[in-house]
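The values are calculated or read from the model by the stated rules, or taken from the named source; none is laboratory data. This is a predicted model, so every value here is computed, not measured. Because the Cβ atoms are built from the backbone with ideal geometry, glycine has one as well, and the counts that use them run over all protein chains shown. When the accessible area is computed, the model is the full protein with side chains, heavy atoms only, and any ligands, DNA or RNA have been set aside. Shrake-Rupley method; radii C 1.70, N 1.55, O 1.52, S 1.80 Å.
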Amino acid sequence: YGSFIDDLRLYVRGGTGGMGYPRLGGEGGRGGDVWFVAQERTTLKSIKDRYPQKRFVAGAGANSSVRALKGEKGKDCEVHVPLGISVLCEDGKQIGELNTAGERCLVARGGLGGSLATNFLPCKGQRRIVHLDLKLIADVGLVGFPNAGKSSLLSKVSHAKPQIADYAFTTIKPELGKIMYADYKQISVADLPGLIEGAHANKGMGHKFLKHIERTKQLLLVVDISGFQLSVKTRFRTAFETILLLTKELELYKEELLAKPALLAINKMDLPSSKDNLNELMKQLQNPQDFLHLLREEVVPESTIKFKDIIPVSTYTGEGIEELKTCIRKSLDEEAEKENEDYRKKKLLLLRTSH
């Protein structure tokens, strides 16, 4: 990913407790804790640059003394981390998630101070290796094989300036763009590195790509109307087969991804014979079952994606771009409304059952 980092390994240790005072029964102070605090405009790269050692240790608790029988607690250590972070143990278990600015997560507790129970000897703080795992938070995630024109589409609908070229794999790090609407509403769109067949098995960018889709609210599949061929060695795929293969990759990685609302942008409508290809594709999408025999059995998805809208576009001529922006907005608004409705229903139910 070059300068973009989405996983960082850190060492954290809570402070050691203070010594107790056996003669007077004094208790040592507790060691400080290590906290991760979500903060906007922080990146994993900035943490790595600022703390090359990647070690975070909280302060030790004060010893008990004649002057202060109860020792002071050690100083906490606070680490600012980006929004959209999962904090994982070394074995992959999740400790917590930080999604909004100011959210806090305790990652290492300080040790207890010495007291009668511990023979006045202090305890060491908790120590562990943790992973910060970043998933981009965007309203819409662009999904497509390399060369489907995702980067061009992102630059057309938003203010992002991604790298664009006519060879596969131009995007090797996620690009975030914002669509601005006349009423000042902003919708964020993430172009995620090109999927390839076999991505779920961690080929190519594989999981690195797929994990970012988990956080997006909706999917926008981008497909080249004239089909797709990764290289001379791989088979040519029609637009319909491409949609099924993308569906299969998402399904094999995590079935829940297919439950997300999805739109389909059919790109490169400026190419000759694209109208005929589009008619053919619409027929196939209406009754996908009739055309599944075109693919080998192992690449046919269990279920097909139901698209809320299908929008033919050309990033070259600009055809369909405004319509696409309108559809994205409408789709997100409908989902938000649905969530509010569900929330209201739940509230009502709670009210009724509590009476």
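Conditions first: (1) of a type outside the set (D, E, K, R); (2) surrounded by 23 or more Cβ atoms within 10 Å (Cβ to Cβ); (3) at pLDDT 85 or above; (4) more than 25 Å from K185 (Cβ to Cβ). F145 passes all but one, so which condition is the exception?
Every listed condition holds for F145 apart from (3).
Residue-by-condition table, conditions (1) in the same structural domain as E297 (by the TED database); (2) farther than 21 Å from L285 by Cβ; (3) at pLDDT 90 or above:
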{"site": "L230", "(1), (2), (3)": "yes, yes, no"}
{"site": "T242", "(1), (2), (3)": "yes, no, no"}
{"site": "E251", "(1), (2), (3)": "yes, no, no"}
{"site": "P261", "(1), (2), (3)": "yes, no, yes"}
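Take the residues in the range 322-332 that are of a type outside the set (S, T, N, Q) and closer than 15 Å to S188 by Cβ; name whichever of them is most open to solvent (accessible area, probe 1.4 Å).
R329
What strands (runs of 3 or more DSSP E) completely inside the range 1-71 contain at least 2 residues that are in the same structural domain as F120 (by the TED database), open to solvent by less than 70 Å² (accessible area, probe 1.4 Å) and closer than 20 Å to I85 by Cα?
7-13, 34-38
Checking the condition modelled with pLDDT of 85 or more and more than 30 Å from K211 (Cβ to Cβ), which residue from S274, S331 passes?
When all the criteria are applied, what remains is S274.
Within the range 113-142, count every residue that is in contact with a helix residue (DSSP H, G or I) (Cβ under 7 Å, 6 or more places away or on another chain) and either open to solvent by 40 Å² or more (accessible area, probe 1.4 Å) or without any contact (Cβ under 8 Å) to a residue 40 or more places away in the chain (or both).
Selection size over the range 113-142: 0.
Would you point out the residue of the range 72-95, among those that are more than 30 Å from G25 (Cα to Cα) and open to solvent by less than 20 Å² (accessible area, probe 1.4 Å), that is nearest to the chain's Cα centre (by Cα)?
Among residues in the range 72-95 that are more than 30 Å from G25 (Cα to Cα) and open to solvent by less than 20 Å² (accessible area, probe 1.4 Å), the one nearest to the chain's Cα centre (by Cα) is G84.
Restricting attention to the range 122-136, which residues are part of a loop (DSSP other than H, G, I, E, B) and modelled with pLDDT of 95 or more?
P122, C123, K124, G125, Q126
Take the residues of the range 311-355 that are among the β-branched types (V, I, T) and free of Cβ contacts under 8 Å to residues at least 60 places away in the same chain: which is farthest from K275 (Cα to Cα)?
T353
Of all residues being in a strand (DSSP E or B) and within 14 Å of Y11 (Cα to Cα) in the range 96-109, which is most open to solvent (accessible area, probe 1.4 Å)? Just the residue, please.
Top of the filtered list is L106.
Which of the residues belonging to the range 275-291 are surrounded by fewer than 16 Cβ atoms within 10 Å (Cβ to Cβ) and among the aliphatic types (A, V, I, L, M)?
M282
I'd like the full set of residues that are more than 26 Å from I5 (Cβ to Cβ) and in contact with a Cys (Cβ under 7 Å, 6 or more places away or on another chain), limited to the range 72-130.
Once the filter is applied, which keeps residues that are more than 26 Å from I5 (Cβ to Cβ) and in contact with a Cys (Cβ under 7 Å, 6 or more places away or on another chain), the range 72-130 yields G111, L112.
So E319 fits all but one of (1) modelled with pLDDT of 90 or more; (2) in contact with a Lys or Arg (Cβ under 9 Å, 6 or more places away or on another chain); what number is the exception?
(2)
Quick one: which residue in K70, K75, K54 is closer than 22 Å to G15 by Cα, in contact with a helix residue (DSSP H, G or I) (Cβ under 8 Å, 6 or more places away or on another chain) and among the basic types (K, R)?
Checking each option against the conditions leaves just K54.
Could you list, in sequence order, the residues of the range 252-273 that are surrounded by 19 or more Cβ atoms within 10 Å (Cβ to Cβ) and in a helix (DSSP H, G or I)?
Listed by number, the residues that qualify are Y253, L257.
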